[in-house]
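The values are calculated or read from the model by the stated rules, or taken from the named source; none is laboratory data. Here the structure is a predicted model, which is why all the values come from computation and not from measurement. Don't worry about glycine lacking a Cβ; one is built from the backbone with ideal geometry, like all the others, and counts go over all protein chains shown.
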Amino acid sequence: MLVALAAAVALAACSKEEAAVPPPHKTDVAATGYYCGMLLSEHAGPKGQILLESRTDPVWFTSVRDTFTFLALPEEPKDVAAVYVSDMGRAASWESPGDAWIAAQQAVYVLGSDREGGMGGPEAVPFGDEAAARAFIVEHGGRILGLEEAKAAIADAARPPGPATPD
């Protein structure tokens with residue numbers, strides 16, 4: 001009896017944790033990038049949204065690169081409830097990925113491709129299916145990384161070069 005009760009409590013706790021993760025928001029026509037203040041629709045490539053416990057509306061990003069930057073910066077809020085990125089394997093097109101959202105931790109990322117993201121910079125291109133990522137690499141180059149590796153690579157690329165050393 002106690003074992004059954006403990007199992008029921010454990011299952012209920014798991015269900016509450018899973019239910020606590022909010023789903024992605026649909027992209028609003030007025031959605032603007034957090035850093036650039038421009039409409040998401042004005043930029044090609046994958047997008048990101050971060051849901052914070054302290055806000056009802058998502059924090060929108062014109063690129064996955066900017067999404068990762070927000071997560072890395074110490075001055076940005078840390079009450080992250082969920083992070084979603086465009087699943088480019090299910091996206092309508094590169095120019096307009098639509099609402100093909102995937103939880104960031106469930107995606108694989110292609111870095112080093114010839115495709116540019118929002119604001120014309122290098123991009124971490126997310127895919128929910130590794131086969132779709134491999135097909136993308138055949139056409140556009142790059143390599144597949146997991147979430148933490150992709151975040152680290154974006155952070156490394158954003159660091160300014162160190163001081164020049166005398167010859």
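Below is a table of values for the structure above.
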read-out: Complete set of residues in segment 40-81 that are of a type in the set (Val, Ile, Thr), in a loop (DSSP other than H, G, I, E, B) and surrounded by 17 or more Cβ atoms within 10 Å (Cβ to Cβ); value: 62
read-out: Hits in segment 45-95 (condition: out of contact with any Leu (no Cβ under 6 Å at 6 or more places or on another chain), hydrophobic (A, V, I, L, M, F, W, C), modelled with pLDDT of 95 or more and closer than 23 Å to residue 130 by Cβ); value: 64, 68, 71, 83, 85, 88, 91, 94
read-out: Output for segment 82-99, where each listed residue is in contact with a strand residue (DSSP E or B) (Cβ under 6 Å, 6 or more places away or on another chain) and either assigned to a loop (DSSP other than H, G, I, E, B) or of a type in the set (Lys, Arg) (or both); value: 87, 88, 89, 97
read-out: Single match in 118, 89, 142 (criterion: of a type outside the set (D, E, K, R), touching a helix residue (DSSP H, G or I) at 6+ places or on another chain (Cβ under 8 Å), within 20 Å of residue 36 (Cβ to Cβ) and buried (at least 19 other Cβ atoms within 10 Å of the Cβ)); value: 118
